[in-house]
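See below for the structure under consideration.
Where a number appears in this text, it was derived from the coordinates with a stated rule and is not lab data. What you are looking at is a predicted structure, and each value in this text was computed from that prediction instead of being measured. All Cβ positions, even for glycine, are placed from backbone atoms using ideal geometry, and neighbour counts span all protein chains on display.
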Amino acid sequence: MTTSDSRITGSRSERPPPHVEPALIAALGRGEEGAFETLIQRHHTALIRLARVWVRDASAAEEVVQETWLAVVQGIHAFQGRSSLQSWIFRILANKAKRRGTRESRSHPFSAYDIGIDQEDSPGISPDHFFPHGHEWAGHWSHPLADEESCPERHMLADELGGFILRKIDELPAPYRGVILLHDFHGLNTEETCTILGISANNQRVILHRARTRLRVALEPYLKGNDHAASSG
């Protein structure tokens, strides 16, 4: 991870470089099996985790993801590039998972989260850890959790920490989990996150703040240590 990477390290679904995505979309449109295999390898685990925001168990999540892949195969020719391919796939998954959750008689996980941010009773992570408004990655982590290129040990540490963070994210309430996965873990912007989850920008801001607060105790010691190493290096 380089110093310009603001997202959390771990097994995440990532956007390819800008020059790669059009080529991948074209290959998908031609029905190339290798392109679909690449897509599945890149996003399947992330889709399973995201589906669990709405459905009750891993089996249901797997079924929803399989339905999502079928919809991607059938609908790739209709993809117009108005969003990233990743965001489009996540939106298909969310729509199917929401319908599955409704059939399972689960309440909408975001319906009860309209409380103002001022009612949060614990401090959040320092704003210094995120890029400011106006930056390309505004609102995302500004400090890498580890410099993977410096040595193999730090690469392993970053992977280990990423796995730890994912386990902690999995323990969050469903709304917190959905927002922080999309915004911080997969790097989607506020508009994309709100569209996929069906929430307002204000609610997204509130929920993201609270999700980050829940992770603060686990992350802050490492972030402080990383800041110290950077300042003394």
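Some points to look at:
- Computed label-point distance, nm, for sites E33 and H209 using a 7 Å Cα→Cβ extension: 5.2
- Qualifying GluC sites (Glu not before Pro) in the stretch 28-93, where qualification requires a DSSP coil assignment and no more than 14 other C-beta atoms within 10 Å, comprise E32.
- For the stretch 21-103, a crude dipole built from +1 on the beta carbon of Lys and Arg and -1 on the beta carbon of Asp and Glu, taken about the Cα centre, is about 520 debye to the nearest 20.
- Options L24, I89, A51, ranked by Cα towards positive dipole end of the stretch 21-103, top entry (Cβ charges): A51
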